[in-house]
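For reference, the structure is listed below as structure tokens.
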Amino acid sequence: MLQYFDPRKDYGTPASLSEKLVTLEIDGVETCVPEGTSVMRAAALMDINIPKLCATDNLEAYGSCRLCAVQIEGRRGTPASCTTPAEQGMKVWTQNEKLAKLRRNIMELYISDHPLDCLTCPANGDCELQDMAGAVGLREVRYGFDGENHLDAPKDTSNPYFTFDASKCIVCSRCVRACEEVQGTFALTIDGRGFDSKVAAGQNESFLDSECVSCGACVQACPTATLSENSIIELGQPEHSVVTTCAYCGVGCSFRAEMKGDQLVRMVPDKGGDANHGHSCVKGRFAFGYATHNDRIKTPMIRDSIDQPWKEVGWEEAISFAANRLKSIQSEHGRESIGGITSSRCTNEETYLVQKLIRAAFGNNNTDTCARVCHSPTGYGLKQTLGESAGTQTFDSIMKSDCVLVIGANPTDAHPVFGSMMRRRLREGASLIVADPREIDLLKTPHLGNALHLPLRPGSNVAMVNALAHVVITEGLEDTDFIAKRCETDAYNKWRAFISEKRNSPEEVEEITGVSAKAVREAARNFAKAPNAAIYYGLGVTEHSQGSTMVMGIANLALATGNIGRDGVGVNPLRGQNNVQGSCDMGSFPHELPGYQHVSDPIARGRFEAAWGVSLDDEPGLRIPNMFDAAIAGQFRALYVQGEDIAQSDPNTQHVEAALKALDCLIVQDIFLNETAKFAHVLLPGSSFLEKNGTFTNAERRINRVRKVMPAVAGKEDWEVTVDLANALGYPMSYNHPSEIMDEIASLAPSFAGVSYEKLDKHGSLQWPCNDQFPDGSPIMHMESFPMPEGKGHFAITEFVPTTERANRKFPLLLTTGRILSQYNVGAQTRRTDNQAWHDEDILELHPHDAEERGISDGDWLGITSRAGHTVLRARISVRMQPGVVYTTFHHPGSGANVITTNNSDWATNCPEYKVTAVQVEKVSQPSEWQKDFVANHQRQHKFLAEATVAAASEE
Ligand code: SF4
Ligand code: SF4
Ligand code: SF4
Ligand code: FES
């Protein structure tokens with residue numbers, strides 16, 4: 001029988017991956033399914049939908065409700081179809097009088113202990129219990145409602161986003177299993193036995209006090225209204241939905257934005273999403289309230305000086321004010337005196353247009369992107385070794401890994417949905433190696449098997465990766481076949497001689513890394529001997545003075561062990577922001593046109609010149625740090641910043657602020673008055689991801705559609721504003737829809753040649769390269785060859801050079817920074833949501849030993865001083881830290897985390913060395929001078945904003 005697979009349908013139990021097929025008969029119709037498929041799923045694939053309550057197809061079958069009973073020829077009784085595998089020759093009946101009676105009895109028991117408030121229940125219309133009562137034809141409840149019941153069980157409303165109403169619970173355990181199997185947190189249990197059994201969070205705590213991370217998997221799994229989103233309770237059921245992509249992190253989860261008119265009611269992770277397969281984290285699932293927050297900038301604003309109040313104006317006036325300023329600055333100070341910064345939060349199409357505006361309308365290559373401060377070393381390092389500036393795998397690939405090496409990344413906080421997938425693989429038995437100064441949560445994965453933590457000192461990454469490779473080579477663990485077939489011989493021989501030197505041995509580098517040679521040797525052996533070993537890394541690799549060297553060191557290790565070019569292996573940069581891969585792909589860097597084509601390449605440049613109708617500069621333009629330096633020197637006078645908050649996110653805040661204050665014209669396009677906008681002369685309202693069409697490209701090179709679900713609050717999508725600015729500058733741009741921008745990208749960037757909105761809509765998503773050679777995209781890269789001379793991988797020499805940022809007597813501690821699950825980067829979005837419940841201030845974590853030495857207790861105010869500056873944060877004493885290393889996040893602008901980070905940067909790309917700052921800490925009683933100035937300027941700028949609104953209202 002022909003089976004049509006609908007990715008959004010619930011087939012009751014997970015798919016079997018077996019390649020062997022079995023043939024069986026269900027209700028007299030023959031069907032064929034992979035061995036191991038449940039009878040329930042086999043039937044559902046034929047559109048025979050057996051009633052069920054405790055089964056759902058993202059959880060292993062549990063067999064508790066018995067509603068799915070069937071009859072099978074030759075078998076006694078009525079087995080549960082969800083736990084019974086289909087077998088060759090089986091004959092199954094899913095409907096008959098006996099089964100109908102049995103199911104009605106089961107439903108009768110459930111309903112006798114369930115509130116009969118269906119008409120006023122938030123799940124009315126979306127309740128599986130209600131559906132099943134209808135499906136089995138329940139007409140009466142003979143047991144009555146007067147017996148012992150749970151109808152008065154209390155509600156838990158502690159979580160800001162969902163409510164647990166225990167009176168509606170049928171104890172099906174779907175929530176418990178979702179928390180274990182899908183999310184991997186194990187926050188829920190069924191407490192008690194028989195009639196007394198109930199769902200409990202943590203140690204019988206409230207959801208908020210338990211280890212629950214508010215991912216929403218239990219809410220989604222619950223077949224009743226026991227676990228319900230508060231937005232559904234308040235607003236009722238949605239009436240239509242649109243599939244779009246989360247705008248937070250580089251996982252790129254697909255969601256159904258469920259709507260009532262133009263009001264967003266809830267975000268439901270899309271089962272058909274190729275990156276997330278129906279899972280989500282607290283940010284994408286719940287933290288969307290910022291989009292309709294009162295702080296949204298809804299009207300364009302201009303002013304002559306940053307010491308003046310804003311003036312609200314129409315779009316036309318704002319655009320012409322900005323264009324005139326840019327033109328007059330260029331005529332006075334030269335073509336190179338202006339530039340722009342694209343954003344990894346914006347769509348590919350918007351980013352493409354901003355760099356086009358800069359190159360074609362500004363007439364220079366002064367374009368850069370926030371990827372400069374996160375993954376620019378990935379672009380450089382992978383291009384040098386593997387030939388392509390991108391990760392090599394799909395997320396799903398991890399399910400075939402036997403050993404997972406995580407370096408400088410914290411996936412459960414920063415890439416939570418992928419972190420859950422990683423945890424699932426680790427529970428299944430893959431071994432784990434974590435190279436990180438902190439004991440990250442992944443190391444505390446419940447049911448984790450073989451795991452090693454290499455708690456290296458910040459700044460010693462390259463010494464560590466060299467030592468790992470040294471063990472591989474000197475112990476004869478390399479993959480000689482792979483190296484011979486797939487790698488360039490000369491480069492390999494040179495690298496082999498270098499890496500074999502004794503100075504790269506674990507014993508010799510022990511002093512530098514602080515990690516025992518024994519542990520490093522064990523890790524290297526585990527990695528090299530695993531059939532499939534994969535490397536995942538994050539900003540703990542790139543944000544160093546040797547970030548690019550470390551990326552090349554990682555590629556060397558993967559090449560030497562033959563872990564490239566198939567499922568389960570690879571080099572995988574965990575890209576931070578939603579579209580950091582895309583913003584790099586789209587030509588945001590000053591030296592590269594879209595598709596990583598160098599500006600000095602005359603053939604590539606010629607194609608862009610022909611398409612854009614201008615001649616283009618063949619010299620790379622300024623990088624962000626160069627723009628700041630040139631602004632302070634008076635040579636760089638105007639900047640257009642779309643969707644990036646450089647004043648908060650870039651290092652050495654005082655230097656950045658000095659640069660911004662020196663500009664004659666700063667144009668900021670953003671959804672809020674962010675820290676950068678406080679220094680702006682033109683403020684153009686941005687549009688949130690809910691208000692526009694476009695695409696994001698996630699960390700696996702997956703291009704996902706972003707679809708507009710509500711009108712842009714200020715009437716324009718971001719790409720339309722860039723088009724207007726280009727036209728006002730005299731460079732004509734004209735597009736009717738972002739799909740036309742994508743068509744232009746496809747015509748100019750070879751790896752996007754096969755991408756179109758039509759194809760994206762058909763496939764759901766596409767992983768680049770997507771062109772004539774790979775018409776359906778490329779899930780795994782470098783399967784046959786590398787895009788390098790002769791198609792060979794290139795080993796690079798990775799000499800360890802210690803950073804100049806070292807601890808000494810004056811600054812004896814090393815500060816490293818990172819993210820936390822509930823907040824996102826500069827926090828502009830998440831700080832304007834109920835995620836504040838989990839993290840409403842940045843805190844300095846330090847080891848008890850360092851705290852005791854300084855007489856510091858938990859909660860004390862600490863002054864943190866570095867060579868760059870001074871700020872004040874509250875203390876948290878934590879054994880997650882190693883002695884000598886302190887840690888903070890940077891989500892709250894008033895914390896001034898970047899006041900203390902320095903101007904040190906990666907030698908190849910200028911990516912800042914956020915991860916190593918030598919500091920001293922001491923108890924203090926008041927905020928730093930910078931923090932006092934920050935508060936004063938914050939109040940002043942918000943007063944300017946409020947005055948503009950009042951003035952505009954009085955004019956109306
Ligand atoms: S929200 Fe997520 S973490 Fe919390 S209990 Fe539910 S499944 Fe577990
Ligand atoms: S809360 Fe929902 S999913 Fe969990 S046991 Fe109760 S009814 Fe089942
Ligand atoms: S994991 Fe990332 S993309 Fe997915 S929902 Fe969370 S923030 Fe969004
Ligand atoms: S759905 Fe099969 S036993 Fe509950």
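The values are calculated or read from the model by the stated rules, or taken from the named source; none is laboratory data. Not measured: the values here are computed from a predicted model. Don't worry about glycine lacking a Cβ; one is built from the backbone with ideal geometry, like all the others, and counts go over all protein chains shown. The area values use the complete protein model at the heavy-atom level, side chains included, leaving out ligands, DNA and RNA. Shrake-Rupley method; radii C 1.70, N 1.55, O 1.52, S 1.80 Å.
See the values below:
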| item | result |
| --- | --- |
| Full-stretch length increase - Ile603, Val801 - with 0.36 nm per residue and alpha-carbon distance subtracted | 67.5 nm |
| The chain: antiparallel DSSP beta bridges as a percent of all, rounded to 5 | 60 percent |
| Proximal lysines relative to Lys155, as straight alpha-carbon distance under 20 Å, when same-chain residues fewer than 8 apart are discounted | Lys168, Lys198 |
| Residue order for Val713, Val22 - accessible surface, 1.4 angstrom probe, largest first | Val713, Val22 |
| Rg to Rh quotient for segment 449-531, alpha carbon positions, Kirkwood Rh | 0.99 |
| Range of Cα positions in segment 21-95 per principal axis (Å), largest first | 26, 26, 19 |
| Candidate residues His447, His892, His737: accessible-area rank, largest first, probe 1.4 Å | His447, His737, His892 |
| Area of Glu332 that stays accessible when all protein chains are in place (1.4 Å probe, Å², to 10) | 140 Å² |
| FRET efficiency for Ala837 and Lys198, using Cβ-Cβ distance with R0 set to 25 Å, rounded to 0.05 | 0.55 |
| His942 versus Gln654: modelled label distance in nm, points set 7 Å from Cα along the beta carbon direction | 2.5 nm |
| Farthest toward positive dipole pole in segment 387-573 [+1 Lys/Arg, -1 Asp/Glu at C-beta], among Val472, Ile398, Tyr536 | Ile398 |
| Set of lysines near Lys502 by C-alpha distance (under 17 Å), chain-local residues within fewer than 8 positions excluded | Lys494, Lys518 |
| Reachable lysines, given that their alpha-carbon falls under 26 Å from the alpha-carbon of Lys708 and they are not under 8 places away in the same chain | Lys9, Lys260, Lys271, Lys283, Lys298, Lys356, Lys692, Lys716, Lys759, Lys762 |
| Angle in degrees between helix 929-955 and the longest Cα principal axis of the chain, rounded to the nearest 10 | 80 degrees |
| In Å², nearest 10: area of Trp612 left accessible to a 1.4 Å probe | 10 Å² |
| Estimated D of segment 195-284 in µm² per second, where Rh is the Kirkwood radius over Cα pairs and Stokes-Einstein applies at 4 °C, 1.567 mPa s | 90 µm²/s |
| Virtual spin-label span in nm between Glu853 and Glu211, 7 Å along Cα→Cβ | 3.1 nm |
| Computed helical MRE - 222 nm, the chain, DSSP H runs ≥ 4 contributing -39500 (n - 2.57), nearest 500 | -8500 deg cm²/dmol |
| Length gained when the stretch Cys32-Arg496 is fully extended (0.36 nm per residue, less Cα-Cα span) | 161.8 nm |
| Mean shadow area of segment 813-925 over all directions, Cα convex hull, nm² | 7.4 nm² |
| Computed accessible area, Glu336, all protein chains, 1.4 angstrom probe, square angstrom | 80 Å² |
| Coil-residue trypsin sites (Lys or Arg not before Pro) of segment 63-159, DSSP, other Cβ within 10 Å capped at 11 | Arg76, Arg139, Arg142 |
| Modelled FRET efficiency - R0 41 Å, Lys155 with Asp262, Cβ distances, 0.05 increments | 0.85 |
| Accessible surface of the chain [probe 1.4 Å, protein heavy atoms]: carbon and sulfur percent | 49 percent |
| Computed over the chain, the ratio Rg/Rh where both radii use C-alpha atoms and Rh is Kirkwood | 0.98 |
| Measure of compaction for segment 263-387 (Cα Rg per 2.2 N^0.38 Å) | 1.45 |
| Segment 21-95 - accessible surface per residue (Å², probe 1.4 Å) | 41 Å² |
| Segment 553-675 - Rg over Rh from alpha carbon coordinates, Kirkwood radius | 1.06 |
| FRET efficiency, Glu955 to Lys762 (Cβ-Cβ, R0 41 Å, nearest 0.05) | 0.25 |
| Residue-span extension gain [Glu316 to Val935] - 0.36 nm each, minus C-alpha spacing | 219.5 nm |
| Distance in nm between pseudo-label sites at Lys98 and Gln237 (7 Å out along the Cβ direction from Cα) | 3.5 nm |
| Angle in degrees between helix 738-748 and the longest Cα principal axis of the chain, rounded to the nearest 10 | 60 degrees |
| Viscosity 0.890 mPa s, 25 °C: Kirkwood-radius Stokes-Einstein D of segment 119-292 over Cα pairs, µm²/s | 143 µm²/s |
